[in-house]
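Heads up: the structure comes next, in structure tokens.
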Amino acid sequence: MNSQGAAYAAGAGEEPQLMREPDYEYRGLIAASWDLLRGDTTGWPDRPFYRKIIAAGGEPALDVGCGTGRLLLDYLSQGLDVEGVDVSPEMLEICSRKAEEMGLQPTLYQQAVESLDLPRTYRTIFIPSSSFQLVIDPAEAEAALERCHQHLEKGGTLVMSIMDISDDTGGEWVLIAEKERADDGLLVRRWLKSRYDPATCLEHTEDRYELMRDGQVVETEMHARSPATRGYTLDEISKMLEQAGFQDVHATSGFTEEAATPEDSIFCIFGTRR
């Protein structure tokens with residue numbers, strides 16, 4: 001991906017120091033704290049939504065941007081034939097560890113969606129959590145859709161969520177989440193500063209993760225991505241799917257069966273391979 005990033009880390013009383021930036025988004029405390037700060041996701045509406053799509057479209061299915069396995073492991077535990085792919089080795093390592101604890105053996109691939117090259121084709125491909133918007137470069141976004149199209153069986157379905165990213169923090173740090181770690185009792189805090197450029201439809205972000213003990217910050221890790229995500233209108237992403245070869249392109253409002261409108265803050269876009 002063409003997003004520019006920087007990562008920093010520091011102990012208590014130290015200035016954050018620049019670290020070497022890997023070419024993937026989720027690493028360090030972002031990955032290590034991902035499940036903790038998200039909390040209980042069993043009631044999230046996309047869980048039954050994608051499950052229903054897999055039931056209708058068929059298996060096997062591919063979870064693109066599977067991360068730590070929020071949906072993948074749930075579906076595997078239900079006996080579904082679902083595989084996962086993610087660009088972050090750290091997120092995949094966490095997913096594998098969780099799977100072992102659950103007695104599951106997922107098939108996982110470390111690849112970027114824009115260069116997807118897997119040994120299998122699928123009846124259903126889903127890209128949850130607006131992960132497609134992490135592909136910043138327009139040419140790479142087009143390539144990602146083409147690779148998904150090639151990895152679908154004939155008549156197979158692609159579905160992915162797109163969210164409105166135009167609301168930013170106004171240049172201020174905002175506390176997004178905080179939660180205590182069970183293993184060492186440290187409090188993990190995530191702060192976010194974001195800026196959205198309507199001229200380019202790009203969001204620029206800074207994340208600050210803090211580890212706290214007895215009210216004192218003992219470690220800080222900062223991540224900056226400029227740009228971080230790309231915004232799409234319903235019309236823009238629909239045309240992109242059609243140009244990639246998809247047919248019956250349509251969208252639903254949020255995680256419902258109602259038709260999407262341009263005013264939706266989240267919509268799910270569908271496409272079918274001929």
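Summary table below
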| item | result |
| --- | --- |
| Kirkwood hydrodynamic radius over Cα pairs of region 159-199, then Stokes diffusion coefficient at 4 °C and 1.567 mPa s, in µm²/s | 101 |
| 222 nm mean residue ellipticity, helices alone, for the chain (DSSP H n ≥ 4; -39,500 (n - 2.57); rounded to 500) | -7000 deg cm²/dmol |
| Members of K193/K239; K52/K154; K98/K179 lying beyond 23 Å, as alpha-carbon distances in this model show | K193/K239 |
| L62 long-range amide H proximity, modeled H, under 5 Å | E83, T124, I125, F126 |
| Identified option (computed semi-axes √(5λ) of the Cα gyration tensor in Å; candidates [x] 37, 21, 17; [y] 27, 26, 18; [z] 32, 22, 17) | [z] |
| Per residue solvent-accessible surface (Å²) - the chain, probe of 1.4 Å | 48 |
| Pair-distance profile P(r), taking every C-alpha pair of region 120-274, with 5 angstrom steps and integer % | 2, 9, 15, 17, 15, 12, 11, 9, 6, 3, 1, 0 |
| Dipole magnitude (debye, nearest 20) for the chain, charges at Cβ of Lys, Arg, Asp, Glu | 580 |
| Farthest toward positive dipole pole in the chain [+1 Lys/Arg, -1 Asp/Glu at C-beta], among A228, S166, A259 | A259 |
| Loop sites in region 156-227: chymotrypsin sites (Phe, Trp or Tyr not before Pro), DSSP, at most 13 other Cβ within 10 Å | W173 |
| Table column - 3J(HN,Hα) (Hz), region 157-170, Karplus curve with 6.51, -1.76, 1.60, x for Gly and Pro | 10, 10, 9, 8, 8, 10, 10, 6, 10, 6, 7, 10, 8, x |
| Residue among T256, T200, T229 with the largest mean-square fluctuation in a Gaussian network model of the chain, springs linking Cα atoms under 10 Å | T200 |
| Qualifying GluC sites (Glu not before Pro) in region 157-196, DSSP loop, other Cβ atoms within 10 Å at most 12 | E172 |
| Loop trypsin sites (Lys or Arg not before Pro), region 79-155 (other Cβ atoms within 10 Å of the site Cβ: 15 or fewer; DSSP) | R120 |
| Computed E for R181/Q110 - FRET, C-beta separation, R0 25 angstrom, nearest 0.05 | 0.45 |
| Summed residue charge, Cβ within 9 Å of C201's Cβ, Lys/Arg positive, Asp/Glu negative | -2 |
| Percent of Cα-Cα distances greater than 19 Å, calculated over region 134-193 | 62 |
| Among V135, L80, M240 - extreme Cα towards positive end, dipole of the chain, charges at beta-carbon | L80 |
| The chain - percent relative contact order, Cα under 8 Å, separation 6 or more | 19 |
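The values are calculated or read from the model by the stated rules, or taken from the named source; none is laboratory data. Since this is a predicted model, take the numbers as computed values, not measurements. FYI the Cβ positions are ideal-geometry reconstructions off the backbone, even for glycines, and counts take in every protein chain you see. Ligands, DNA and RNA are excluded from the accessible area calculation, which covers all protein heavy atoms including side chains. Shrake-Rupley method; radii C 1.70, N 1.55, O 1.52, S 1.80 Å.
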